[in-house]
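Right, one structure below, let's go through it.
The values are calculated or read from the model by the stated rules, or taken from the named source; none is laboratory data. Everything numeric in this text was worked out from a predicted model, so none of it was measured. Using ideal geometry, Cβ is built from the backbone for each residue, glycine included, and neighbour counts are taken over all protein chains shown.
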Amino acid sequence: MTFFEIKGSKLSIVISSLKVGLLSLICAFPIFIHLEKIPIRIWDESRLCINAYEMLKNNNWLITYFEGKPDMWNTKPPLMIWMQVLCSKIFGYSELAMRLPSAIAAFLLVLFLSYFAKRYLKNFWFGLITCIVLVTSYGFINVHGTRTGDYDSVLCLFLVVYSLSYFLYLEQKNKRDLIFFFIALILAVMTKSIQGLLFLPALFIYTLMDKKFFIFKDLNVYKGIALFVFTIGAYYLLREMYNPGYLNAVWENELGGRYMNTVEEHTGEFLFYYNMLLKHHFKEWIWLVPFGFIFGISFRNILFRKLTYFSALISLSYWLIISISKTKLEWYEIPLFPFLAMLIAMGIFGIFYYLLIEPKLKTIFLFPVMSFLFLISLSYVPYAKMVDKVYLPKEYPWDEEFYQLSYYLKHALSKLEETRAYNICYDGYHAHILFYLNQLNDLGQNIGFKDWVFLEKGDLIIASQSNVKQYIEQYYIYELISENKTIKKYKIIDLKC
């Protein structure tokens, strides 16, 4: 190797590093900034937080617990909870630790999409455009997505990894890609059970459409299937052995019960997810999906055409599956975003590439500048909106009053005298409150829940809900210690006659 070859090799490494740095900088900010600002959300996030807390305390890594009993409501495998426990051991039990697995998964997804574009299409810029679209998608960088401690961001990572690894295996027949496919498939199911399998129908259809029949004769495929069945089967059977009734709960919560029936009033029309994308979660970009598809199938390069058909098939298949389901939840759409982003990137990249590589005018310098100005002008508004959303996160108007108590308890972690010797009166599901009570009790506060119907003389009470405050003020003689927005602190003097 000559001196100039060595020097060129080093320059290539520097340029590649700068590109990865640019990608990381653009994507890391909306993913990681101010994760801990808003309190833990009710339902799924808070449930996982309590599961993680109890696993930290009881060291039972097989069975998840809620309030001291095996959790038969949240029956998903515990991979996400294991990640939260690990983050808690490193960073301490907090909102940040609970949400880091989701954020890290989103960032790894960005890096994987960039890697895939570079490896398959031999083009960094297509990967960058895809990632810009993805991290400026309102429904992707959102609560119950990459910004909270829920399953969906981690699930999305594994779904995309196993889908694109399978695609690469069909195209390049590299055994390593098949191994990645089965590993990611196992991890997807260990994250969110049956939902980890929902991309498989599209992969099967694509295999037939592309006439990749060699895969049905590949012994390694059957070895992978055996590994998948053994690993997933071993977990579920072992859990049933030590937690009888678990498999029946899985059936009721995740399989026939959820897909064929409406669970917990989460219903919606067939076009529920289309309307969410159009009006709320993808409205900045969705109008470019048809344009991107047409542009993608018009590329001379067959690699782009194949990826366009693959992304469209994955998107359509998954959208149909979740749209037919009787239970409708807006975060079920999250796995759509990476593939919709790739479809959109086809159109944007086509124009970007033309301006960058194939100008037919004389001023050569002008067109690389114009290509980047085009990309910046297209993504500036969505990115600016996303920065505003994550840098100063705000509650939706309908959540402001609901989370007042959570904000109060979050603040109390730094001012323990505000809750010392008090109990909480709360009506309804309270896992999001329990998250803060567990931390306060670990700091020696001895705070818990108390039924507002059976209060006693001398009780110190915190309440925020109108019906609870109304009951206390109607049936007890009390001293109002303090009042802050919806939060009232009482000292019970006696029961009214």
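Details
- Selection status of Ser102, assigned to a helix (DSSP H, G or I), modelled with pLDDT of 95 or more and either of a type in the set (D, E, K, R) or in contact with a His (Cβ under 8 Å, 6 or more places away or on another chain) (or both): no
- Residues within region 390-445 that are surrounded by 13 or more Cβ atoms within 10 Å (Cβ to Cβ), within 22 Å of the chain's Cα centre (by Cα) and among the charged types (D, E, K, R), tallied: 2
- Single residue of region 297-325 satisfying the filter (at pLDDT below 95 and small (Gly, Ala, Ser)) that is surrounded by the most Cβ atoms within 10 Å (Cβ to Cβ): Ser325
- Residue in region 120-138 that is under 19 Å from Gln195 (Cβ atoms), of a type in the set (A, V, I, L, M, F, W, C), modelled with pLDDT of 95 or more and buried (at least 24 other Cβ atoms within 10 Å of the Cβ) present: no
- Pair list, Cβ under 9 Å, 6 or more apart: region 240-255 residue assigned by TED's automatic domain parsing to the domain that holds Ile194, other residue aromatic (Phe, Trp, Tyr): Glu240/Tyr246; Tyr246/Tyr236; Leu247/Tyr236; Ala249/Trp73; Val250/Tyr236; Asn253/Trp73
- Some residue of region 466-484 being of a type in the set (Phe, Trp, Tyr), modelled with pLDDT of 95 or more and touching a Lys or Arg at 6+ places or on another chain (Cβ under 7 Å): no
- Tally, over region 132-183, of residues that are under 30 Å from Leu278 (Cα atoms) and assigned to a helix (DSSP H, G or I): 20
- In region 143-159 there is no residue matching the filter, namely being of a type outside the set (Ser, Thr, Tyr), touching a residue at least 12 places away in the same chain (Cβ under 8 Å) and either over 28 Å from Trp43 (Cβ atoms) or not assigned by TED's automatic domain parsing to the domain that holds Tyr383 (or both).
- Any helices (runs of 4 or more DSSP H) falling wholly within region 382-459 and containing at least 1 residues that are modelled with pLDDT under 95, in the same structural domain as Glu284 (by TED's automatic domain parsing) and aliphatic (A, V, I, L, M): none
- Answer residue from region 115-145, given it is closer than 18 Å to Lys283 by Cα and among the polar types (S, T, N, Q) and is farthest from the chain's Cα centre (by Cα) among those: Thr130
- Looking across region 337-351, just one residue is farther than 14 Å from Leu113 by Cβ and buried (at least 24 other Cβ atoms within 10 Å of the Cβ), and that is Ile348.
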